[in-house]
Amino acid sequence: MFVVTLPKTALHDPSAFARKAKDAGADLLEIRGDLTPHILSFDSPLPLIVAPRGTGTRLVTALCP
């Protein structure tokens, strides 16, 4: 299984990053609270792993309303 972590640099267009990751063969996209704590919900072609890491339930609520 190939898991890719969303970097801070992809916050302006996380959907585009997820599409590129999928095209490169990724199976899952990880969203880490310590790297991208202010991300909002977005359409992703990949399933997400949400790791709050310091954000508590706020990050999970923001991505999965």
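Couple of notes before you dig in:
- Heavy-atom accessible surface of the chain: percent carbon and sulfur, 1.4 Å: 58
- Relative to the current alpha-carbon distance between Arg58 and Thr5, full extension at 0.36 nm per residue lengthens the span by 17.2 nm.
- The mean sequence separation of alpha-carbon pairs under 8 Å and at least six residues apart, normalised by the residue count of the chain, gives a relative contact order of 33 percent.
- Here's how it looks for Thr5: its modeled amide H is under 5 Å from those of Glu30, which are all 5 or more places away or on a different chain.
- Solvent-accessible heavy-atom area per residue, rounded to whole Å², over the chain at 1.4 Å: 60
- Helix 14-23 vs. the chain, principal-axis angle (Cα, 0 to 90°, nearest 10): 30
The values are calculated or read from the model by the stated rules, or taken from the named source; none is laboratory data. Note that the structure is a prediction, hence the values are computed from the model and not measured. What goes into the accessible areas is simple: the full protein's heavy atoms, side chains included, and nothing from ligands, DNA or RNA. Shrake-Rupley method; radii C 1.70, N 1.55, O 1.52, S 1.80 Å.
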